Structure formats: C-alpha cells, structure tokens
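Before any comments, here is the structure.
The values are calculated or read from the model by the stated rules, or taken from the named source; none is laboratory data. Remember, it's a predicted structure, so these values are computed and weren't measured experimentally. Positions of Cβ are backbone-derived with ideal geometry, glycine not excepted, and every protein chain shown enters the neighbour counts.
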2 protein chains.
Amino acid sequence: MRFLKSASLFFLLSVLACNTSHLQAAASRRQTIISPEVHSDGRVTFRLNAPNAKSVGVNAQFARGVRPMTRNKSGLWSITLGPVEPEIYEYNFVVDGLQIVDPANSWQKMWIRTSKNLVEIPGKEPMFFQQQQVPHGTVHLHKYPSNSLGVTRGLYVYTPPGYETSENFPYPVLYLLHGMGDTEDAWTVVGRANFIADNLIATQKARPLVIVMPYGHTPSAPPDMRSLGNYAAFEKDLIEDVIPYVQKNYRVSKEQKDRAIVGLSMGGGQSLTIGLGNIDLFGWVGAFSSAVPKSPTIDDLLANAKVNNDKLNLLWIGCGDKDFLFQANLKLIAQLKNDNIKHVAYITEGGHEWRLWRIYLNELVPLLFRAGK
Amino acid sequence: MRFLKSASLFFLLSVLACNTSHLQAAASRRQTIISPEVHSDGRVTFRLNAPNAKSVGVNAQFARGVRPMTRNKSGLWSITLGPVEPEIYEYNFVVDGLQIVDPANSWQKMWIRTSKNLVEIPGKEPMFFQQQQVPHGTVHLHKYPSNSLGVTRGLYVYTPPGYETSENFPYPVLYLLHGMGDTEDAWTVVGRANFIADNLIATQKARPLVIVMPYGHTPSAPPDMRSLGNYAAFEKDLIEDVIPYVQKNYRVSKEQKDRAIVGLSMGGGQSLTIGLGNIDLFGWVGAFSSAVPKSPTIDDLLANAKVNNDKLNLLWIGCGDKDFLFQANLKLIAQLKNDNIKHVAYITEGGHEWRLWRIYLNELVPLLFRAGK
C-alpha cells in the first residue's frame, strides 16, 4: 500500500512536471520580443515580428517622420534610435502603410476609439513625472451613478500618501478634466498626475490634496466625441453627481477655498465654463491649451469673474506657442488684462501635447490651496 | 472705447469659434470607425481601415480560424459575424499574415509583452460578470514598497459597495492571484472580479469582502515571465509586504478564518503553495486550472493540509476538461480523496480560458467566509 501510494505520487509528479514545462514552453515561444528596449544611454530599440511585410517603420514622437526598420532573415524588424531626451513619447509602427500599435508594449495611450504606444526615457536624475522613491498615493477607480445623465460612469480619484491612515483631514480637492480624445484614465495613464502629486508632496512643494478625474464626455456626444460646446450636461453631472459623491466618500473639504477645477484642451474649456460660472464653488481655476467656451460665452464668464474677482484665488492659463489654440489663448489673456481680472499666464514653447500638460500641472499644483492668494 | 472693446471681443470670439471647429474637424477625421460594433441581436461587426492591405481577417475566439474580411472601395475592411452567445471574447486582426490589435478598440487584454482585443456580447438578461444596476465597489491602485523584493510594485484592491462610509468592519479578505501572462490588472480588466463581487453582494449571495490582487511575478523572473516554480520570492512578498500593507490601510480582519487565497493557472499553483503551506494564515484556498506546485512538492503541501485539515475551511479545485492541465488536476483531486483531505472539485467543460475563471470565481466567492464550513 505504501509502495503503491508512492508510485502513484511519482506518476503524479511526473505529469505535473511535464505540464509545467508545457506552460513554460508556451511562454517561451510567445514571449521572445522585447520592444521597446530602452538603453541606459537613452537610445531605444523597437522590434516587430512581421515576416510577410514589405516595409516596416516606426513613427516616434521624438523623430521626424516614419523611420524605416530593418528586417533580419527570420522576419524580425528592428531599429535603434537616439539617444533621446528624457520624456514620455508616443509612437506606433507603420507596416506596409498601416499604422498599428506595438503588440509587445502594453503601455498605450487609450483614446476612445484608437490608441498609440508610449515609451518613457528616464533621465539620469528622476524627472518630476516619474515614479520616484517617495511615498505613493492611491488611485481609486469608481463606478458612480450619474442621476443627471441617467447612466453609471467611471471616475478616478487620487488620494495622497497616508490618506488611509491620516488624521489630517479634510483635504482640499482638485477636479482635473481630460481632453477630447481622452477618457477618465488619461490623467493617470499618460498625465502621471498621481506621480506628479506624489513628488510635489514628498518635497513639500504642494499641500497634500485629493485629485478627482471624472469622465468629461456625455451620452449625447456622438461616437466621434464632439463633446465640445456641449458642456452643460457635464456641468450638471459634475456639480449634482460627482461632487456630492466625492464629498460623501472622501474626507475632503466642502469649502470653496479648498476646491479647484483644472482641465486640458476640451477640459480646459470645461474648467473655464464651470469654474468661472460657479466661483461660489471653485476658488481656483486652471486651463491648459484650452478650448475657449462658447456657451455661456467667454464674455459672460469674464463678466462673472470680474464681479467675483476677490473670491477667485487663482485663474491660471497655460499654452504652448505652437498650439493651434495659441492665438485664442493670447486673446483670452489680453481680455483678462483688459478687464483687470487677476490671472497667471504661463506661455511656453510647444504644441498641443501631453508633455506640456504634465509640466503645467507640476507648475500649478504648488500654487493651489495656499492661504492669502 | 466701448466700441473697440466689443469689436475686439467679436474678433476674439470668431477666432475661438474657428479654433473649436478645427478641434472638431480633427476629431471627425480621426474618429469615424466604430469597431467592434455589437448589434442588439448578438451579431458583431469588425472594421479596419487598411487601404494598402492585400488580405485582412479577424481571428475571433467565438469563430473557427481567421475569417476573411471584405474591402470596400475606400480601403475599409469589414465583416459581420454571429449572432454570438453572450460572453467576453478575445479577437485580433490579421493583416497580410500579421496579427495586430484593433486600433479602434481600447479594451485589450494586456499581457506583459503582447495584447489582444476584447469584445463583450451582452445577454438579454445581464450576465453575472457584467456591470449591472447595482451598487458598485471601488478598485484601488496602489504602488507599495516591497521590502522583501527591494522594488515598488503595483497592487489592486477591491472594496465592496459602501466600504468608504460603512461601519461593518472588519471585512474578510480574498487574495486573488493572476496567471503567467497577466499583471495585477487582469482580474479586473478581464476577470471582472469587481463586477462579479458587486453582483453577488447585491443579491446577498456573498458576504461583502475586500479582494486584493497583487502582482505575481518577481524581479528574478526573466522577461518571458517564467515565474513558474519560483514562488518563494512571491510568497515572501505576499506575507511580509502585501498582507501587512493591506492590513494597515484597509479595515480588514486579521484572522485566519477571514483570509482566503485563490488563483488561476500559475496563480493557482501559488495559491496551493502559499495557502496549503500556511494554513495558519489562510482558512480558504482555491486553485483554478492550476499549475501544480513543485517546490515545496505537492506531497509536502498535502501532508500539511492533512495534518491541519480541520483548520482548512475550504479547498476548492476547478478545471476544464479540455485544459492542458486537466489530467494533472484530476491526479491532484484523486490524491486529495486518497488522503481524505476535505475539498471541492469543480470540473467543467472548457479549456484554459478566462471564461471559466470568471465562472469559477462566481461559484467560489459565495462559499467563502461562511461560519461552520
């Protein structure tokens, strides 16, 4: 009996060992391509297995145009570019004229209806948007019922390091809005708002804060995402559903002086519309590379800002000089000056791009929720 | 002066309107392809714009082989398949022999080094893994310092509906482990553990619980992810870092009777190894389509389970009859019977696939944390 049991166990172990090897072999066959491979000197190698393709190239944000890749005899295409300045870059592959994402890279910029890959080139010193050796906050993914829109929607919330166990509440809260091509995950997946906040808090450049990242499109918007100019439904959702939900579930302040609204592009238009239209709710307003509101008109909004200028602690406008919205933002800034509305204009080089929005957030957050502003 | 100001404002508004249209036009050019389009009768249409391609097909989990798509004169390829049984399916496109993901679908199964698209076919009645009209829990994304591994790692935590404001604590906690091709997001993005728990809790089939989803690979594992058989480092991380972190930051019970460990495939091997090796910590152990442990041997683990069988509230083994690990699991079950170790064997049709792991989780969670088991 003892012998039989051992024999049976031996057989069992043989089968298991065999099966485990099977799993390993399957993994090995499937998982041999590393792309992108970032080298310590800042060069980066892209690879794609495409034996039947006639031409393969990489379209990287840091290079000009599509750079042709070279095929080896087994059909693996590759190219090494750089060294490249430290930054997060977009790229994709172009195979016989077709743009595709890199199947070996799971980090992608998810647009609502398309996607690009991302690659991060680290600096010798850690950069402000990178995950550093500091305490990290938590990103919370909610599904909340929007009664005003009649649907359940996604919502991301960042809480600062130590929030779960801290007695330092209530926290001030920043409502941070995404752009037209984004969803509620964009400010963390691409914008790195969580790491930017972690790093600012660790160096005591910013007050610990809660960051709420709602979904800015509304069901009435068509699939091509033209929520532009249709801000009223989102404003209702934000004020009647999101803010009460956040205030119920998080230890955040309910005071105007502790509530900010900031957004990029379409979200900048929303933050100007909702922020300047509700200065009793928002003490701090920011707009990055912003679309400028149409309804209510910027005229009406600025009139409200002028009347309530003492309550508006900060109006912060950032834009790059190559942005297609640059002239519009210059006009807005001129108007603010003309109307004697307190504001900060932060003009930089650059276009309509995430690189700048990360920089702007890093500049703006330290200014928020400071007494005497 | 008044006139000038109005004129200036008129000009400003014109520019802004123009720029907003620019943004809309850009969106319109970019965003015209809907893929996949799920029809109300369960059919699904796939579309890909590939004017230069010679052949385009879709490789969908619900169809046999690659189904050729049809090109229209502008170069848009499409096919409508089904009706299809309600389920979440994987698919990808094959363009001139190259497998690519659908650029219009941001829902992807992210493997560590590759990805596939997902499409959900809803049923006439909502299915157990679908987002339903019930209260939703929250998914928390952490970056925690693993002192045992010397790195900062990702960690997902699900809290049940009402956790933020409830007084019903401490909660029982399930440690839920992913497979070899996964990362810590797999049990939510693909496995729908959050919605499965929401639905079970709403219908009072399961006790409200916290679900912790750690990252199961360790830095010593090579890029092809062969963490198989290298469970010791993960066990140390889980017990010395993850569990204390969770117990510090969440209102969870610290008792063995309120702690479960469950995993799929490689994670099943880990849950057997760690769970049966630490019955003083885990009162409930589950293994789905599981790799079977090698070190310590299953022999040693079962010996420990036999000695501590009265403390092991549940040992749950699930496997599909077409899984390449099926024979190994049958052997394990035979061994459990032979050793008189209490267990539940849940054999189903099917292979090594997420469809089954969602079903198994839905079967297992109602059994957890019940008195008298």
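What the table below lists for this structure:
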read-out: Test: residue in region B:103-121 that is more than 23 Å from residue B:186 (Cα to Cα) and part of a strand (DSSP E or B); value: no
read-out: Some residue of region B:142-155 being under 26 Å from residue B:316 (Cβ atoms) and modelled with pLDDT of 95 or more; value: yes
read-out: Some residue of region B:140-150 being more than 14 Å from chain A (Cβ to nearest Cβ) and within 28 Å of residue B:370 (Cβ to Cβ); value: no
read-out: Check on residue B:312, in a helix (DSSP H, G or I) and either buried (at least 17 other Cβ atoms within 10 Å of the Cβ) or not assigned by TED's automatic domain parsing to the domain that holds residue B:261 (or both); value: no
read-out: Residue tally, condition more than 8 Å from chain B (Cβ to nearest Cβ) and modelled with pLDDT of 90 or more, over region A:16-65; value: 26
read-out: Which listed residue, of B:95, B:139, B:101, B:56, is closer than 28 Å to residue B:200 by Cα, crowded, with 17+ Cβ neighbours inside 10 Å and of a type in the set (A, V, I, L, M); value: B:139
read-out: Selected residue [in the same structural domain as residue B:188 (by TED's automatic domain parsing) and surrounded by fewer than 24 Cβ atoms within 10 Å (Cβ to Cβ)] from B:326, B:288; value: B:326
read-out: Matching residues in region A:59-82 - criterion: being in contact with a Phe, Trp or Tyr (Cβ under 6 Å, 6 or more places away or on another chain), assigned to a strand (DSSP E or B) and surrounded by 18 or more Cβ atoms within 10 Å (Cβ to Cβ); value: A:60, A:79
read-out: Any hit, region A:117-134, residues being touching a strand residue (DSSP E or B) at 6+ places or on another chain (Cβ under 8 Å), β-branched (Val, Ile, Thr) and surrounded by fewer than 22 Cβ atoms within 10 Å (Cβ to Cβ); value: yes
read-out: Considering residues of region A:256-311 that are of a type in the set (Asp, Glu) and either within 13 Å of chain B (Cβ to nearest Cβ) or touching a residue at least 60 places away in the same chain (Cβ under 8 Å) (or both) only, the residue nearest to residue A:362 (Cα to Cα); value: A:258
read-out: Residue in region B:215-229 that is hydrophobic (A, V, I, L, M, F, W, C) and more than 11 Å from chain A (Cβ to nearest Cβ) present; value: no
read-out: Complete set of residues in region B:185-203 that are in a loop (DSSP other than H, G, I, E, B) and hydrophobic (A, V, I, L, M, F, W, C); value: B:190
read-out: In region B:60-83, the residues that are within 18 Å of residue A:98 (Cα to Cα) and touching a residue at least 12 places away in the same chain (Cβ under 8 Å); value: B:68, B:69, B:71, B:74, B:75, B:76, B:77, B:78
read-out: Residues of region B:87-107 satisfying the condition of being within 22 Å of the chain's Cα centre (by Cα), among the β-branched types (Val, Ile, Thr) and more than 9 Å from chain A (Cβ to nearest Cβ); value: B:88
read-out: Residue count for region B:183-235, restricted to those that are of a type in the set (Lys, Arg) and at pLDDT below 95; value: 1
read-out: Sole residue being assigned to a strand (DSSP E or B) and buried (at least 22 other Cβ atoms within 10 Å of the Cβ), chosen from A:347, A:317; value: A:317
read-out: Which numbered condition residue B:200 misses (of (1) of a type in the set (A, V, I, L, M); (2) within 14 Å of chain A (Cβ to nearest Cβ); (3) under 25 Å from residue B:135 (Cβ atoms)); value: (2)
read-out: Filter result for residue A:117 (touching an Asp or Glu at 6+ places or on another chain (Cβ under 7 Å) and more than 9 Å from every other protein chain (Cβ to nearest Cβ)); value: yes
read-out: Looking only at region A:320-336, and only at residues there that are within 11 Å of another protein chain (Cβ to nearest Cβ) and outside any helix (DSSP H, G or I), the one that is nearest to residue A:269 (Cα to Cα); value: A:325
